[in-house]
Every structure is written in structure tokens, then in C-alpha cells.
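This report refers to the structure that appears directly beneath it.
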Amino acid sequence: MIQSMTGYGKSVIQLPTKKISIEIKSLNSKNLDLNTRMPSMYREKELAIRKLIASKLVRGKVDFSLYMEITGEETSTQLNKTVVKQYIKQLKEVVDGDDTEMLKMAIRMPDALTTERDEIDEDEWNEISAVIDSSLEKIQQYRLDEGQTLEDDFVGRVQTISTLLDEVIAMDPNRIDGVRERLTKGIADIKEKVDENRFEQELVYYIEKFDITEEKVRLKNHLEYFQKALKSDDSNGKKLGFISQEMGREINTIGSKSNYAPMQKLVVQMKDELEKIKEQLLNVL
């Protein structure tokens, strides 16, 4: 089953002193383009997170965000009391003022506040890892659901092209008869005597140049192969893109060889359906 590269997954966990939110978003991209945002205390885990996301999502423009909200009394920022007292003492030597006003000025001075770097608690990180896994499962399910929608659209459009191809096959004999008739009439109009045998040979050669038997067979095979690839276990948008290019090659050749307005009209309709398929394929994993 195919997967879309568009997806979204979010999970939240409440820890004793903080709330952790994990949010993962993805859009289509030729390769994996991963951006991460997280508090500095978790940066040492970034490489492991990147490897995990790469193994699960494979391709796409992915934004990973880890948000932390402190909900308890825990804080890593402390007042440097010794430094603040020294600042107040020095300020009093310069100006007279209220102690409260002096304190307000002192805590704005360098080193008045210190921030200790928290060490990651492994038990806590194990809980956060489980939330990351949950978010990845949600975005993968989202991709599968979107992929099913895309698959339904592809199947419908491939069936439309197949129906149009059947119409092309049905009208092909009339097209060849029409080409033969036009050439014969053209010779008759110039009122010149021609070698009938030579004329017949040239006519056969000319008609062979407009023969689309191989293109019809190849296009039919490509349509069947495309539908088979849709049902494969792995989602492979690049493979489907290659098959669609081959389909386009055969459709274009049929159009250039047809030399017959009703057939060219069908070719235009096939091209229109194929372009819509190609556009949607850009979003397939």
C-alpha cells in the first residue's frame, strides 16, 4: 500500500514537574529534510531522534518539535545571592536609595542569576521516548490514510486511461483505412499515371510509419504494471513516477503517429489524466 508524505502526529505526556509535547509534521520532498526543535537540555538526544525518524518516515520535509512546559516548583535558574549582595553594597556607596529599588537594579547585573544545566534523567527520557514513538505511529497512520485516498484516485485515473486506450484500439482500423483513402485520393487528384506496384509499396511503407501497435501494447502493459505496483507491500513513489514517465512516452508517440483528429482528441484526454497522476505522485513516499 502506498503512503503519502503528508502527515501529522502529536502526543503529550505529563511528568511530575513538567509537561512534554511532541509534534511531528511532514510534507513532500525528494529526500529526507529533517528539522528539529527542542530545549537545549535534550540536545544530546538529537542524533538518536534523527536516526529514529529517518528509519520510520524515510522521505519528506519533516519538522520535529519537542516542547517543555514547567508545571511544578522545579526551576534551573537560581539567584546568586553573594553577587547580588555585593552589587547592592556597591550601589549604596554611589547613591542613597530604597533597598527594594537597589535589589531591582542588582538582579539586572551580570551573573546575578545562574542557570544550571539539567542532566537528563534516563527514566524520564524513556517515558519521553515512548511519546515520540506514539507520535511517529500517529503520523505513519496519517500517511497511510492519505495514501489510500491517493491510491483510489490513481486507480480511477488509470482505469480512465485504459478505457480511452480501448477506444483508440477500436478506431485504429478506421484510421488506417482513412489514411489509405486520403493518399489514394491525393494521387487521383493530381491526375498522374503511377506504377501501381510502386504506389502500393510506398503506401505500405507510409502506413507502417503510422502504425501504433507496439505503443498500444506497451501502454497497456505499463497501465497494468502501475496498478500492480500500487498494491505492493512497500510504498515506492519514485518507481511509480518512472512508470508514469513510460506511460507518457507511449501516449505522446500515439499522438504524434495518429494523424487522425478523433484519435488525437482521445490522446489529449489521456495526457490530461496522466498529468494529474504525475502531480499527485510527487506526494507519494
### Query
Among the residues of region 34-43, is there at least one that is open to solvent by 60 Å² or more (accessible area, probe 1.4 Å), within 24 Å of Asp233 (Cβ to Cβ) and without any contact (Cβ under 8 Å) to a residue 40 or more places away in the chain?
no
### Summary
Result of the Cβ filter at 7 Å on region 81-93, keeping first residues that are surrounded by 14 or more Cβ atoms within 10 Å (Cβ to Cβ) and partners that are outside any helix (DSSP H, G or I), at least 6 apart or interchain, is Val83/Asp111; Val83/Ala112; Val84/Ile107; Val84/Ala112; Tyr87/Met109; Tyr87/Ala112
### Task
Could you grab the pairs with beta carbons closer than 7 Å, sequence gap of 6+ or different chains, first residue in region 136-159 and more than 10 Å from Ile277 (Cα to Cα) and in contact (Cβ under 8 Å) with a residue 12 or more places away in the chain, second one open to solvent by 70 Å² or more (accessible area, probe 1.4 Å) and in a helix (DSSP H, G or I)?
Leu136/Lys56; Gln140/Lys56
### Task
Please report, ordered by residue number, the helices (runs of 4 or more DSSP H) entirely within region 208-285 with at least 2 residues that are touching a strand residue (DSSP E or B) at 6+ places or on another chain (Cβ under 8 Å).
237-258
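Do we have Asp123 as exposed (fewer than 15 other Cβ atoms within 10 Å of the Cβ) and in contact (Cβ under 8 Å) with a residue 12 or more places away in the chain here?
no
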#### Entry: Residues satisfying the stated conditions in region 246-263, i.e. farther than 15 Å from Lys220 by Cα and either touching a residue at least 40 places away in the same chain (Cβ under 8 Å) or open to solvent by less than 80 Å² (accessible area, probe 1.4 Å) (or both)
Gly255, Lys257, Ser258, Asn259, Tyr260, Ala261, Pro262, Met263
### Task
Of the conditions (1) exposed (fewer than 14 other Cβ atoms within 10 Å of the Cβ); (2) modelled with pLDDT of 95 or more, Phe154 clears all except one; give me its number.
(1)
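Residue-by-condition table, conditions (1) modelled with pLDDT of 85 or more; (2) charged (D, E, K, R); (3) under 30 Å from Leu285 (Cα atoms); (4) part of a helix (DSSP H, G or I):
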residue	(1), (2), (3), (4)
Arg43	yes, yes, yes, yes
Glu74	no, yes, no, no
Leu91	no, no, no, yes
Glu101	no, yes, no, yes
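The values are calculated or read from the model by the stated rules, or taken from the named source; none is laboratory data. Here the structure is a predicted model, which means the values were calculated and not measured. No Cβ is skipped: glycine too gets one built from the backbone with ideal geometry, and neighbour counts run over all protein chains shown. Surface areas here come from the heavy atoms of the whole protein model, side chains and all, with no ligands, DNA or RNA. Shrake-Rupley method; radii C 1.70, N 1.55, O 1.52, S 1.80 Å.
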